[in-house]
């Protein structure tokens, strides 16, 4: 027996119900249509005040935001020593022609051969 096809309206009501349940789990005051019920009448000059109580969130537990990073963001790490050290090494195929390996430049003549 084939499955009964769900109409678009029934599917929309099902998905809207799940969305409203999720919004209520976040602590928002939501009506049955999915609209957020504001806690008071708010004019454009006062701004928006959330209905959830956010006073228990500690400021040190919140992640750092990009608009709160002070100064130029810190100092750039100097990696010039890595470039100088890598000048003494090169990458060559191993003896068994499988993976590559890092070899000192003084051992370069015997790198791909059995010694």
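What is the fewest-to-most order of 89, 100 by other Cβ atoms lying within 10 Å of their Cβ?
100, 89
For the pair residue 16 and residue 33, how long in nm is the line joining their label points, each one 7 Å along Cα→Cβ?
In this crude spin-label approximation the distance works out to 0.9 nm.
Given labels modelled 7 Å from the Cα in the Cβ direction, how far is it in nm from residue 76 to residue 100?
2.6 nm
Every number in this text was worked out from the coordinates using simple rules, so none of it is lab data. Everything quoted here is computed from the prediction, not taken from an experiment. Because the Cβ atoms are built from the backbone with ideal geometry, glycine has one as well, and the counts that use them run over all protein chains shown.
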